[in-house]
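The structure appears below as structure tokens.
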Amino acid sequence: MNASTTAPLAPDAPWVVLKFGGTSVATEARWRTILELAGARRARGARVLVVVSALAGVTDALKSLCGSAAPERLAAVERLVERHHALVHGMGLAECAGVDRWLASLRVLSQEGGATADAATSQPLWQAAVQAHGELLSSALGAAFMSANGLPTRWLDAREALLAREVPFLNDRARALSAQVQADPDPAFAAALAARGDVYITQGFIARDGDGRTVLLGRGGSDTSAAYFGALLRAERVEIWTDVAGMFSADPRQVPGARLLQRLDYDEAQEIATTGAKVLHARCISPCRRARVPLLIKDTRHPDFDGTAIGPLPPEAAPSIKAVSSRRGITLVSMETSGMWQQVGFLADVFALFKQHGLSVDLIGSAETNVTVSLDPTENLLDSDVVAALAADLARICRVKVIAPCAAVTLVGRGMRSMLYRLSGVLAEFGRERVHLISQSSNNLNLTFVVDEGMLDGLLPRLHDLLIRAGALRTDDATLFGPTWQALYGVSDSHVHAPWWRAARTRLLDLAQATPRYAYHLPTILERAQALRAMRSVDRVYYAIKANPHPAILRALARAGLGFECVSPGELDAVDAVADARESPRLFTPNFAPRAEYAQVMQRGLATTLDALHPLQHWQELFAGREVMLRVDLGRGLGHHDKVRTGGASSKFGLPVERLDEFLELARTHGVRIGGLHAHLGSGILDASHWPVVCGQLASISEKIGNVRVLNLGGGLGVPSHPGEAELDLAAVDAALAEVKRAYPQYELWLEPGRWLVADAGVLLARVTQSKRKGALEYLGCDAGMHALIRPALYDAWHEIVNLSRLDAPADTLYQVVGPICESGDVLGADRRLPNSSEGDVLLIAQTGAYGESMASRYNLRPLADAAVIE
Ligand code: LLP
């Protein structure tokens, strides 16, 4: 420690409370970290209060000591003496009077014993006094160590400051072992401490009761102590130092892609802590909320990680789901009665019985004749006897069904109601599970689904992914969502690399002399083409040129050995116009095209796909004696949006499988051969099992037809758009297709992707035109609107938008990014956090290589965006 840690403090110097748990105080190395952190805050001009837990394992040892007979208690105390003495010496202290004092008092207490030797019944106050010694010892050790190492630290007895409040109806046990403290800012207490010293250490977990006796704070005790002290001192901040960087958007053990939540408001944090997250006990939030003291969760082993900051959030934050959590062990009680609402007092009678059995109800769902409530095991001592006794009593006034074990899955986030429209995909996921109860909290912060516990496996990762994809978990907002757990603690995700346009920034700024303008990065496209060509199970890849027919792209892909899938004579001409592409295999896959187009293409001898009976019924002469491909409708569609799903009766594509016999009959009559079967269920699919499943289905249909050579599995290969969304696992597609191929070796497999090859390779450059504030919203206008890129308006598509002119400036303004078109839907990105932007800045709209330029229009008679190619 240096002079700055002893320089006098200003009279109004703020307090910072630091809390460390059991593993953080168990070794000399960890104490050095505490010393450094406390010293750094003191050096910055703050008063410091360190709150510590007992050394790891000590509280458990003390608890079991309370349940042991006298000789065993003595042996247990001696083991604790040894452990603490060893650490005193290990920390370079010759001796520690504070530690010896508490060891001596522990010896005396344990000799006295409780009323009986059974922990469940022995005097709760004696147990509290014994268990308090874990923290009394660790704090005494800390005071000695820190003072000996240059940071004069005063030992504070937490019981002086924290007084348990009287809670009516609490039994003796709860009063002694699960006490609560009313902690309001107390300037006199803060001033008295400040007068005695600058740096203090005290105990977590303990307080005193009205008679001055030691009581414990129960679960999450040390965090709660830190929060109480933070409130009493009206600290500038309470820092909870633990073994993980903070709260995450899901339990990282189940969802490695869960994101660190960098900022939460008190209510959200409370909700997340209540509904599953273990890192912070829900109890410790309200003292800080009441006193408006921010909380910060940090990782002791990685002080450089940002952590989670909990405090009042700026109101301009966009609504977002922050986390999805789950709780197991939920019991549902469903109560059925006819005409319940007519019965005055029915609910009062029902709930009186819950109260009588000491059960606190969590969620409630009601219908005309049914009320269903959930019981949470963390709030209730739920054993089957209690529930059976309750059910027996309830049975006297209604029909009762107990459903257990259930799990509650909760989505947490501010403004839940305004996000419901985004959740259809998420709700569909629950459609497959059995939902017993749905409950939306009245504070608009959570939406909970209760399902059978067995349904939980694998559900959370799927939901997390769906929420990101739906734009409901706004992982694009980097001020709220930090890195993934995997990136922080695991092997970093090899897929996550900086996009090409970061390195090409100067070139792109140069290209942005004229805007709106697309720019395409050929190396990215070639890399993708090679990956597809390397799939061992796929015999041929046709590029669906509707995604982007730019001649330079067609040339590059022809050279890379790809064929072309075209849907119109215009697209076929576009391929013809590129010398290198002219000789490449081509596929004509139209839909509701006129006769003349088929006539022209059949004449040229190109492979043609039919997807209806009409051509064979009315234009047989075009196909007689020739080979065609047949597109079937497998009865379901998939993809990133309803409008791109191409299966099922509501979609106009494909021959329904039940009409196959009619088609085969017509083909036989006119001597038409079916060389291949085709299915394309939609666009933007990220599930690797999709193509193998389709392959299996087409193979089994082909058996029926005979002589089919080719199975064309369509395109649809998706690219993740939102940050954190999982990539399509191409290797998994390949491996699973190879499996199917082993069963059906006679078929050639074709793919016809568009998006996957080109989406990431393209960006749209635009210039800021104007900005405008309206109410709470800040609009940022640019010269690219829905005429240049229609995907956001048409599909609610999400494209990353950055200010290329200020790429590394902090993104601290929330914008609605809009274009110049006379439509309210002309919004390129809603609620986007960007640096404060000005007229003339260059915006980059990412991942616009597919279906960007090719779907552009001259609406409002604005010129088409042009395109540049980066070789
Ligand atoms: N094959 C057929 C028969 C298709 O209809 C399509 C796309 C593809 C292949 C290529 O699909 P891809 O691999 O690109 O997903 N405009 C929408 C996408 C519409 C796709 C139309 N058909 C969008 O911007 O998302």
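Given the rule -39500 (n - 2.57) for each run of at least 4 DSSP H residues, summed and divided by the residues of the chain, what is its mean residue ellipticity at 222 nm, to the nearest 500 deg cm²/dmol?
Mean residue ellipticity, 222 nm, calculated: -9500 deg cm²/dmol.
Derived scalar couplings between HN and Hα for the range 706-720 equal x, 6, 6, 9, 10, 10, 9, 8, x, x, x, 5, x, 10, x Hz in order, rounded to whole Hz, by the Karplus curve 6.51 cos²θ - 1.76 cosθ + 1.60 (θ = phi - 60°), x for Gly and Pro.
Given in Å, the Rg to one decimal and the Dmax to the nearest whole number for the Cα atoms of the range 3-242 are 17.5, 54. Where in the chain are the DSSP H helices whose C-alpha atoms run 18 Å or more along the long axis and whose mean Kyte hydropathy is at least 0.5? Result, helices passing both filters: 133-148, 730-743. A protection proxy built from the mean count of other Cβ atoms within 10 Å ranks the segments 133-141, 241-249, most packed first, as 133-141, 241-249.
Here the range 673-693 and the range 253-309 have alpha carbon centers that stand 44 Å from each other. Cα gyration tensor of the chain, axes a ≥ b ≥ c as square roots of the eigenvalues: rounded (a/c below 1.5), prolate (a/b > b/c) or oblate? Prolate is the answer for the chain, as a/c is 1.5 or above and a/b outweighs b/c. The residues packed around residue 679, meaning those with a beta-carbon under 9 Å from its beta-carbon, carry a net charge of 0 if Lys and Arg are +1 and Asp and Glu are -1.
Working note: Karplus 6.51/-1.76/1.60 with θ = phi - 60° gives the range 8-24 the couplings x, 8, 5, x, 9, 4, x, 9, 10, 9, 10, 10, 10, x, x, 6, 6 Hz, where Gly and Pro are set to x. For residue 843, nonlocal amide neighbours, meaning residues 5 or more places apart or on other chains whose placed amide H falls under 5 Å from its own, are 766, 767, 768, 804. List the trypsin sites (Lys or Arg not before Pro) within the range 594-693 that DSSP assigns to loop and that have no more than 13 neighbouring Cβ atoms inside 10 Å. In loop regions of the range 594-693 (DSSP not H, G, I, E or B), the sparsely surrounded trypsin sites (Lys or Arg not before Pro) are 604, 636, 652.
Between the C-alpha center of the range 553-602 and that of the range 340-413 there is a gap of 65 Å.
Net charge of the neighbourhood of residue 36, taken over other residues with C-beta under 15 Å away and scored Lys/Arg +1, Asp/Glu -1, is +3. Look at the dipole of the range 195-268 built from charges on Cβ: of 242, 232, 212, the Cα furthest out on the positive end belongs to 212. For the peptides 286-297, 712-723, 809-820, residues were scored by their other Cβ atoms within 10 Å and the scores averaged per peptide; the highest-first order is 712-723, 286-297, 809-820.
Around the amide H of residue 200, modelled in the peptide plane, lie the amide H atoms of 48, 49, 50, 154, all under 5 Å away and 5 or more residues distant in sequence or on another chain.
A dipole drawn for the range 607-653 from +1 and -1 charges on Cβ atoms has a positive end, and of 622, 612, 646 the residue lying farthest that way is 646. Annotation: amide H-H contacts under 5 Å for residue 688 (H modelled 1.01 Å from N, sequence separation of 5 or more, or interchain): 729. So what's the gap between the Cα centers of the range 1-73 and the range 696-773, to the nearest angstrom? Between the Cα centre of the range 1-73 and that of the range 696-773, the gap is 55 Å.
For the range 575-645, GluC sites (Glu not before Pro) meeting the loop criterion (DSSP other than H, G, I, E, B) and having at most 11 other Cβ atoms within 10 Å: 583.
Could you please state how large a percent of the accessible area of the chain is carbon and sulfur, counting protein chains only and using a 1.4 Å probe? If you can, show how the numbers build up before the last one.
On the way: 18730 of 36120 Å².
Heavy-atom surface of the chain belonging to carbon and sulfur, 1.4 Å probe: 52 percent.
Probing with 1.4 Å while keeping every protein chain in the model, the per residue accessible area of the chain equals 41 Å². P(r) tail for the range 555-629: Cα pairs beyond 15 Å make up 53% of the total. Note on the range 323-473: Cα-only Rg and Dmax are 16.4, 48 Å.
Karplus-based coupling profile of the range 604-618, in residue order and whole Hz: 7, x, 8, 4, 10, 9, 9, 9, 7, 7, 2, x, 7, 6, 10, with θ = phi - 60° in 6.51 cos²θ - 1.76 cosθ + 1.60 and x standing for Gly or Pro. Here is the list for the range 536-625: chymotrypsin sites (Phe, Trp or Tyr not before Pro) lying in DSSP coil, each with at most 10 other C-beta atoms within 10 angstrom of its C-beta, are 592.
Charge dipole of the chain (Cα centre as origin; +1 on each Lys and Arg Cβ, -1 on each Asp and Glu Cβ, all else neutral): 700 debye, rounded to the nearest 20.
The values are calculated or read from the model by the stated rules, or taken from the named source; none is laboratory data. What you see is a predicted model; the values in this text were computed from it and never measured. Ideal geometry is used to build each Cβ from the backbone, glycine not excepted, and the neighbour counts take in all protein chains shown. Note: accessible area is taken over every heavy atom of the protein model, side chains too, but ligands, DNA and RNA are not part of it. Shrake-Rupley method; radii C 1.70, N 1.55, O 1.52, S 1.80 Å.
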